[in-house]
Amino acid sequence: MASGRMEFHAQSIMQHANFAYVLPNDVEMAEVRDPRHYDRPTKSLILLHGLTGTDTDWLFGGVAQEMAIQYNLAVFMPTAGNFFYLDRGYRGGNWGTFVGEEFPDYVQKVFGFCAKREDTFIGGLSMGGYGALHTALAWPERFSACIALSSALRIHALAAGRQDGVMPPAMFRDVFGDPASLIDSDRNPEYQYLNLRAAGKDIPSIYLAIGTEDSLYDANQEFRRFLEAQEADFCYEEGPGGHNWTFWNRYIDRGLGWVLRP
């Protein structure tokens, strides 16, 4: 098992970007629950942090190393600020392009991973759950599946002027723009999904999970009902739990099990 941290100069955000990585290059097979994952080449997972997080969250709070071992995954975790992994329309502020395009390109160049759509997934928690959905739907040619945990999907609440949560209203507006235009914009994963479907493009499969005691539960139910109405390729799971690592560590495992099902 190799792990570490690196940085590189990212043009889309005009700064040095930190990221952590885990590579399952010397795994003892006695540790692995299902050795069949090692009958194929290593696949790639980009894993996103939540609000106020950094690239090390999934290493120190989460189970990135364990998931790399169990599922034969090269895991890459970028730091991307509090901008919900969205482009702001100018070089230096394009956090969506950073995580959806420039970062995977750099990973491919340096590590040789994230090269094929069918072998590349993206996941995240809270703000990163929203970011994983948005990124997968914005770059469907790059990602074949998305794992969205406790996703910050307050799109309908924001559009209706309900800006509850830890972010101040001015920050919501700065990130998401005019609430009156939010529903019919590419900041809304439902809008993204409908556009991909209308264009006849391949849409990444989606794993969606939320704790029943999570304040984001209702928002995730709205998105679940949307996916059901679209007859999407998705799996929804819920269970006891709040907005915490106990829930996320259990359900990243379940999500990967679904994405990598035989």
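Please note which helices (runs of 4 or more DSSP H) are completely contained in region 1-116 and include at least 2 residues that are without any contact (Cβ under 8 Å) to a residue 12 or more places away in the chain and touching a Ser or Thr at 6+ places or on another chain (Cβ under 8 Å). Outline the logic, then answer.
Working: elements: 57-60, 64-71, 103-111.
Because the criterion is at least 2 residues that are without any contact (Cβ under 8 Å) to a residue 12 or more places away in the chain and touching a Ser or Thr at 6+ places or on another chain (Cβ under 8 Å), no helices (runs of 4 or more DSSP H) in region 1-116 meet it.
Ile46 falls short on exactly one of the conditions (1) aliphatic (A, V, I, L, M); (2) surrounded by fewer than 23 Cβ atoms within 10 Å (Cβ to Cβ); (3) in contact with a helix residue (DSSP H, G or I) (Cβ under 7 Å, 6 or more places away or on another chain), and that condition is (2).
Output the number of residues of region 197-220 satisfying the condition of being part of a helix (DSSP H, G or I), surrounded by 15 or more Cβ atoms within 10 Å (Cβ to Cβ) and not aliphatic (A, V, I, L, M).
Kept after step one, since they are part of a helix (DSSP H, G or I), are these residues of region 197-220: 197-198, 217-220.
Filter once more, keeping what is surrounded by 15 or more Cβ atoms within 10 Å (Cβ to Cβ): 217, 219-220.
Now restrict to residues that are not aliphatic (A, V, I, L, M): 217, 220.
Within region 197-220, residues that are part of a helix (DSSP H, G or I), surrounded by 15 or more Cβ atoms within 10 Å (Cβ to Cβ) and not aliphatic (A, V, I, L, M) number 2.
Of the residues examined, Val110 is one that is surrounded by fewer than 21 Cβ atoms within 10 Å (Cβ to Cβ) and β-branched (Val, Ile, Thr). When Gly242 is tested against (1) touching a residue at least 40 places away in the same chain (Cβ under 8 Å); (2) surrounded by fewer than 18 Cβ atoms within 10 Å (Cβ to Cβ); (3) in a loop (DSSP other than H, G, I, E, B); (4) of a type outside the set (S, T, N, Q), just one condition goes unmet, and that condition is (1).
For region 14-26, the set of residues classified as surrounded by fewer than 17 Cβ atoms within 10 Å (Cβ to Cβ) and within 17 Å of Gln65 (Cβ to Cβ) consists of Asn25, Asp26, listed by residue number. Being among the aliphatic types (A, V, I, L, M) and over 27 Å from Asp105 (Cβ atoms) is not true of Ala138.
The residue that is nearest to Lys43 (Cα to Cα), counting only those in region 212-262 that are among the basic types (Lys, Arg) and at pLDDT 95 or above, is Arg254.
Look through Gly93, Gly53 and report the one residue that is surrounded by fewer than 20 Cβ atoms within 10 Å (Cβ to Cβ), closer than 19 Å to Thr135 by Cα and out of contact with any helix residue (DSSP H, G or I) (no Cβ under 6 Å at 6 or more places or on another chain). Write out each step before concluding.
Numbers: Gly53 fails: surrounded by fewer than 20 Cβ atoms within 10 Å (Cβ to Cβ).
Selected residue: Gly93, the only one of Gly93, Gly53 that is surrounded by fewer than 20 Cβ atoms within 10 Å (Cβ to Cβ), closer than 19 Å to Thr135 by Cα and out of contact with any helix residue (DSSP H, G or I) (no Cβ under 6 Å at 6 or more places or on another chain).
Looking at this structure, is Ala157 among the small types (Gly, Ala, Ser), closer than 18 Å to Ala219 by Cβ and surrounded by fewer than 24 Cβ atoms within 10 Å (Cβ to Cβ)? Criteria met by Ala157.
The values are calculated or read from the model by the stated rules, or taken from the named source; none is laboratory data. Nothing here was measured: the structure is a model prediction, and the numbers come from that model. Here Cβ is always computed from backbone atoms with ideal geometry, including for glycine, and neighbour counts include all displayed protein chains.
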